[in-house]
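Peer 1: Got a structure for you, written out below as structure tokens; questions coming shortly.
What follows draws every value from the coordinates through simple rules; no lab data is involved. Quick caveat: nothing in here was measured; it's all calculated off a predicted structure. Cβ: placed from backbone, ideal geometry, glycine included. Neighbour counts: every protein chain shown.
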Amino acid sequence: MSQVLDGVRVLDFGRYIAGPVCGMMLADLGAEVIRIEKIAGSEDRYTAPVGEGAEGEESVGSSYMHINRNKLGLTLNPMKPEGREIVKKLVATADVVIANLPTETLAAMGLDYESLCESKKDIILTTVSAFGSVGPYKDRVGFDGVAAAMSGMMHLSGYPDEPMKAHTPWVDFGTASAATIGTLAALLHRRATGEGQRVEGSLLSTALLFNNGSLIEQALIQSDRVGSGNRGQTAGPTDAFKCKNDEWILVQVVGQPLYERWAGLMGDDYWITDPKFKDDLARGDNGVEISARMQEWCGERTREEAIAILAETRIPCGHIYKPADTLTDPQVLGSGYIQDVEYPGTPAPAPTAKLHIRMSKTPAEIRHRAPTLGEHTDDIMRELGYDDGTIADLHEKRVI
């Protein structure tokens, strides 16, 4: 079955998460994506190691295995003259270049938009940075957590005396999704006009977008909220609750119909008749009392009993799992969202999450594992016109 990006070639110079995940999404949709790494392997290849990796690798990291599936692997040093020439030849064959690198590094590697257009006039350059290319922080470096912290999320997610960072790098993955959307839009524009363009994403812009409701509330009514941990502040009960077997669930009641169902389950008119609970905002303001009642209810039941009753009452709820529990959940296993993918030097196949959309006509697919270090370097070099002797010489010089 054909895929929507069949015939599109992407050069992925990304590092860590946001850039490579954009490349992953494009690859899952059918593009030929070449992951271009340092000669010894990029940093993210070895982050959070889960196995010794293939021959020539220090190890292999869990995130690398996930976000580089479906890609080809090329090692290259673009800072050497021969490497710059290889970059030019690669760009001439490509449709998209992805890079989450500082502006000065892009220029030094010949990956700035003007240099790319000299090799391919209709090229699309997709870049990701911490703060964007405009403003006083444009030259600073930063990770997911920095952008989340600056958006107000850490303050609101923590406690009055301690901000709290999210474990999952949601800003990185959100930025990657935005970069993918922008790249797809640029490909459509190029199809219509023949023009390439630069697509720019930033971690800060993603964090501001995702937390914008809280920023609007602050600007318009000066709510000056402080962190309340798991307890929601604009509805209730929205919180984490411990059941009598010491296992936890999350309950989220938002809106009058859901709240009335919850109040009926509690069996007390007080929760409906008292004006303290007249609407979502009031219930958020009095969330400590509402959460205490819900905690009492949960404490009298096992987790499975509580979830069964809440689900039957049509109240949103779910298990608070450890990762080991997630991997055995019947919905996770039965949904087809996870695919086991092998990689050399790991103790078992990796449970790899598929792209988070489904399409009936052109489905995204995990076709093959992430590349080992430099796995496809020689094949790609031959395609560019280099003979085996020259390839061997470039290996010896540590250009590839």
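Peer 1: Give the residue list of trypsin sites (Lys or Arg not before Pro) in the stretch 288-372 that are DSSP loop and have at most 16 other beta-carbon atoms within 10 angstrom. Provide the component values of the computation, followed by the final result.
Peer 2: Numbers: sites: R293, R301, R303, R314, K354, R358, K361, R367, R369; in loops: R301, R314, K354, R358, K361, R367, R369.
Sites meeting the loop and neighbour criteria: R314, R358, K361, R367.
Peer 1: Search the structure for amide H atoms under 5 Å from the amide H of T75, placed 1.01 Å from N in the peptide plane, and list their residues when 5 or more places away or on another chain.
Peer 2: Under 5 Å from the amide H of T75: E37, G374, T377.
Peer 1: Find how much the distance from V134 to L220 grows on full extension, using 0.36 nm per residue of separation minus their present alpha carbon separation; answer in nm with one decimal.
Peer 2: On the way: separation 86, 0.36 × 86 = 30.96 nm, distance 2.63 nm.
In short, 28.3 nm is gained.
Peer 1: Now for a different question. Please give the FRET efficiency for K165 paired with E114, using the beta carbon to beta carbon distance and R0 = 51 Å, rounded to the nearest 0.05.
Peer 2: On the way: r = 38 Å, r/R0 = 0.74.
It comes out at approximately 0.85.
Peer 1: Do any trypsin sites (Lys or Arg not before Pro) in the stretch 118-197 lie in a loop, going by DSSP, with at most 11 other beta-carbon atoms within 10 Å of their beta carbon, and if so which?
Peer 2: Numbers: sites: K120, K121, K138, R140, K165, R190, R191; in loops: K120, K121, K138, R140, K165.
When the trypsin sites (Lys or Arg not before Pro) of the stretch 118-197 are filtered for loop state and at most 11 Cβ neighbours within 10 Å, K121 remain.
Peer 1: Can you list the HN-Hα couplings for the stretch 328-333, worked out from phi with the Karplus curve (6.51, -1.76, 1.60; θ = phi - 60°), rounded to whole Hz and with x for Gly and Pro?
Peer 2: Result, ordered by residue: 10, 5, x, 6, 4, 6 Hz.
Peer 1: Would you mind counting up the charge near M150? Only other residues with Cβ under 15 Å from its Cβ, with Lys and Arg at +1 and Asp and Glu at -1. Don't skip to the end; give the middle numbers.
Peer 2: Working: positive: K138, R140, K165; negative: D144, D172.
In short, +1.
Peer 1: Additional query: Over all distinct alpha-carbon pairs, what is the Kirkwood Rh of the chain in angstrom? If you can, show how the numbers build up before the last one.
Peer 2: Numbers: mean 1/r = 0.0419 Å⁻¹.
Roughly 23.9 Å, rounded to one decimal.
Peer 1: Let me ask something else about it. Using the count of nearby Cβ atoms within 10 Å as a rough guide to exposure, how do Y386, Y337, Y259, Y270 rank from fewest to most?
Peer 2: Working: Y386 18, Y337 15, Y259 22, Y270 11.
Final ranking by Cβ density, sparse to dense: Y270, Y337, Y386, Y259.
Peer 1: Another question, then. Rounded to the nearest 500, what is the 222 nm mean residue ellipticity of the chain from helices alone, with -39500 (n - 2.57) per DSSP H run of 4+ residues and division by all residues? Mind showing how you got there, number by number?
Peer 2: Numbers: 19 runs with 166 residues, N = 400.
Helix contribution divided over all residues of the chain: -11500 deg cm²/dmol.
Peer 1: Follow-up. Filter the GluC sites (Glu not before Pro) in the stretch 1-105 down to the DSSP loop ones having no more than 12 other Cβ atoms within 10 Å, then list what survives.
Peer 2: Numbers: sites: E32, E37, E43, E52, E55, E57, E58, E82, E85, E104; in loops: E52, E55, E57, E58.
Passing both the DSSP loop test and the Cβ count: E55.
Peer 1: Starting at the first residue of the stretch 275-286, write each ³J(HN,Hα) from the Karplus equation 6.51 cos²θ - 1.76 cosθ + 1.60 with θ = phi - 60°, in whole Hz, x for Gly and Pro.
Peer 2: x, 4, 10, 5, 8, 4, 5, 5, 5, x, 5, 10
Peer 1: Right, something else. On a C-alpha basis, how far is the centre of the stretch 39-70 from the centre of the stretch 109-148 in Å? Whole number, if you could?
Peer 2: Between the Cα centre of the stretch 39-70 and that of the stretch 109-148, the gap is 24 Å.
Peer 1: I would also like to ask the following. Just rank W297, W248, fewest to most, by other beta-carbon atoms within 10 angstrom. Mind dumping the intermediate values first?
Peer 2: On the way: W297 20, W248 15.
Final ranking by Cβ density, sparse to dense: W248, W297.
Peer 1: What size of dipole, in debye to the nearest 20, comes out for the chain about its Cα centre when the only charges are +1 on Lys and Arg C-beta atoms and -1 on Asp and Glu C-beta atoms?
Peer 2: Numbers: 40 positive and 57 negative charges, 144 e Å.
Rounded to the nearest 20 debye, it is 700 debye.
Peer 1: DSSP H helices in the chain with Cα extent of 20 Å or more along the helix axis and mean Kyte-Doolittle hydropathy at least -0.5? The partial results should precede the final answer.
Peer 2: Numbers: long enough: 170-193 (34 Å, 0.53).
What comes out of the filter, once short or polar helices are dropped, is 170-193.
Peer 1: Around Y16, which amide H atoms from residues at least 5 apart in sequence, or from another chain, sit under 5 Å from its own amide H, with H modelled in the peptide plane?
Peer 2: D44
Peer 1: Enumerate the aspartates and glutamates that K242 could reach by cross-link, defined here as Cα to Cα under 20 Å, with residues fewer than 8 away along the same chain left out.
Peer 2: E289, E296, E300, E304, E305, E312, D325, D329
Peer 1: Here's a follow-up. So, with +1 on the Cβ of K and R and -1 on the Cβ of D and E, and no other charges, what is the size of the charge dipole of the stretch 219-306 about its Cα centre, to the nearest 20 debye?
Peer 2: Working: 11 positive and 16 negative charges, 33 e Å.
Its charge dipole is roughly 160 debye.
Peer 1: Going by how many other beta carbons lie within 10 Å of each one, how would you line up V199, V134, fewest first? Provide the component values of the computation, followed by the final result.
Peer 2: On the way: V199 23, V134 9.
The order, fewest Cβ neighbours first, is V134, V199.
Peer 1: Same structure again: Give the long-range amide H neighbours of G142: residues separated by 5 or more places, or on another chain, with amide H under 5 Å away, using H modelled in the peptide plane at 1.01 Å from N.
Peer 2: When sequence neighbours closer than 5 places are left aside, the close amide H contacts are A130.
Peer 1: Is there a pair in K89/K120; K88/K120; K71/K120; K89/K138 whose C-alpha atoms are over 20 Å apart, and which pairs would that be?
Peer 2: Values: K89/K120 10 Å; K88/K120 9 Å; K71/K120 22 Å; K89/K138 30 Å.
Flagged as over cut-off: K71/K120; K89/K138.
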